[in-house]
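Enquirer: Quick one: the structure is below, questions incoming.
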Amino acid sequence: KPAVELIAVSKRYPNGQLAVSQINLRIPKGSYCCLLGPSGCGKSTLLRMIAGHESVTEGDVLLDNRNVTNHSPAERGTALMFQNYALFPHMTCLDNVAYPLKVAGINKSARLEQAHELLAKVNMTDYANAYPEQLSGGQQQRIALARALIRKPEVVLLDEPLSALDPFLRIQMRKELKRIQHEMGITFIHVTHSQDEAFALADTIVVMSKGELQQVGSPQAIFNKP
Ligand code: ADP
Ligand code: ADP
């Protein structure tokens, strides 16, 4: 049973640009899927259409067999982690992580308990009371990830999440992402233009080119490795 199913999905922007063309795709539940391809090939557009942050011009988006094509992001049960992390600067890390639960009307003690749990999951317990500006890029990213995970979404969408990090941190965060995805059993869809990154992280790689789906398969199959 797929976590995400796209049926003949296309996106034409109002300026006429055809960014995504007739994509059919099924992403299995619990998989770590990387959308791979050069800049401008339509990866972010496809991710935003899955999240509901961008409308679909043609076709259908199904999550867990529900047709969500016309649903808002909040109705979809997906969580999108933005490239710039977008943490609230005037809130502590703990409050940043707990914020989605506050919006959902969860009481304070329950949301702080869950936020502490998520901070532990991303190894940031010691920074609960720190503010985002006191953190390194990698640490801010862990907080953003904890915030994306706190409502236990079925699908987490990550748009070039490692691109702002230095090469050392990038390698370290790959391991963390993989560990967290595996422990929580959540479907991750991760946009990247790095073959290296896709090879290290994904169990399913979706290769895109000029708005079209080129290839889907395991890293071994895609990169022709034994
Ligand atoms: P990628 O994530 O692979 O870099 P994008 O999905 O960002 O690709 O972009 C795909 C194509 O759509 C590009 O040609 C880009 O210029 C165009 N595009 C992206 N966003 C918009 C927009 N808001 N309006 C018009 N064209 C856009
Ligand atoms: P370059 O621009 O250096 O030629 P590519 O853009 O082809 O590299 O690949 C980017 C990254 O993907 C490289 O760091 C390389 O290690 C990795 N890569 C390329 N081809 C393969 C492959 N067949 N199997 C595994 N990894 C690969």
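Enquirer: Restricting to the stretch 1-35, name every residue that is of a type in the set (Ser, Thr, Tyr) and either part of a strand (DSSP E or B) or touching a residue at least 40 places away in the same chain (Cβ under 8 Å) (or both).
Expert: Ser10, Ser21, Ser31, Tyr32
Enquirer: Just for the stretch 169-212: of the residues that are basic (Lys, Arg) and touching a residue at least 60 places away in the same chain (Cβ under 8 Å), which one is farthest from Pro28 (Cα to Cα)?
Expert: Only one residue fits best here, namely Lys210.
Enquirer: Identify all residues within the stretch 124-138 that are modelled with pLDDT of 90 or more and in contact with a helix residue (DSSP H, G or I) (Cβ under 7 Å, 6 or more places away or on another chain); write none if there are none.
Expert: Answer for the stretch 124-138, where residues must be modelled with pLDDT of 90 or more and in contact with a helix residue (DSSP H, G or I) (Cβ under 7 Å, 6 or more places away or on another chain): Met124, Thr125, Tyr127, Ala128, Asn129, Ala130, Pro132, Leu135.
Enquirer: So which of Arg151, Arg179, Arg147, Arg142 is away from ligand 2 (no atom under 16 Å from the Cβ) and open to solvent by less than 30 Å² (accessible area, probe 1.4 Å)?
Expert: Sole residue among the options that is away from ligand 2 (no atom under 16 Å from the Cβ) and open to solvent by less than 30 Å² (accessible area, probe 1.4 Å): Arg142.
Enquirer: Among the numbered criteria (1) in a helix (DSSP H, G or I); (2) open to solvent by 10 Å² or more (accessible area, probe 1.4 Å); (3) closer than 25 Å to Asp95 by Cα, which one does Ala164 miss?
Expert: For Ala164, the exception is condition (1).
Enquirer: Also, quick follow-up: Anything in the stretch 15-49 that is closer than 20 Å to Ser72 by Cβ and open to solvent by 50 Å² or more (accessible area, probe 1.4 Å)? List them, or say none.
Expert: Result: Arg48, single match.
Enquirer: Are any residues in the stretch 92-132 under 23 Å from the mean Cα position of the chain (by Cα) and in contact (Cβ under 8 Å) with a residue 40 or more places away in the chain, and if so, which ones?
Expert: Cys93, Asn96, Val97, Ala98, Tyr99, Pro100, Leu101, Ala104, Lys121, Val122, Asn123, Pro132
Enquirer: Restricting to the stretch 179-199, name every residue that is more than 13 Å from ligand 1 (Cβ to nearest atom) and of a type in the set (S, T, N, Q).
Expert: Gln181, Thr187, Gln195
Enquirer: Do you know which residues across the stretch 203-226 are open to solvent by less than 70 Å² (accessible area, probe 1.4 Å) and within 16 Å of ligand 1 (Cβ to nearest atom)?
Expert: Within the stretch 203-226, Ile205, Val206, Val207, Met208, Ser209, Gly211, Leu213 meet the criteria.
Enquirer: Is it true that some residue in the stretch 39-57 is modelled with pLDDT of 95 or more, away from ligand 1 (no atom under 13 Å from the Cβ) and not in a loop (DSSP other than H, G, I, E, B)?
Expert: No - not one qualifying residue is present in the stretch 39-57.
Enquirer: Looking at (1) in a helix (DSSP H, G or I); (2) hydrophobic (A, V, I, L, M, F, W, C); (3) touching a helix residue (DSSP H, G or I) at 6+ places or on another chain (Cβ under 7 Å), which one does Ala74 not meet, given that it meets all the others?
Expert: (3)
Enquirer: Evaluate the following for Pro38: is it in contact (Cβ under 8 Å) with a residue 60 or more places away in the chain and within 16 Å of ligand 2 (Cβ to nearest atom)?
Expert: Spelling it out, Pro38 is indeed in contact (Cβ under 8 Å) with a residue 60 or more places away in the chain and within 16 Å of ligand 2 (Cβ to nearest atom).
The values are calculated or read from the model by the stated rules, or taken from the named source; none is laboratory data. The shown structure was predicted, so the numbers you read here are calculated from the model rather than taken from an experiment. Positions of Cβ are backbone-derived with ideal geometry, glycine not excepted, and every protein chain shown enters the neighbour counts. Keep in mind that these areas ignore ligands, DNA and RNA; they rest on the heavy atoms of the full protein, side chains included. Shrake-Rupley method; radii C 1.70, N 1.55, O 1.52, S 1.80 Å.
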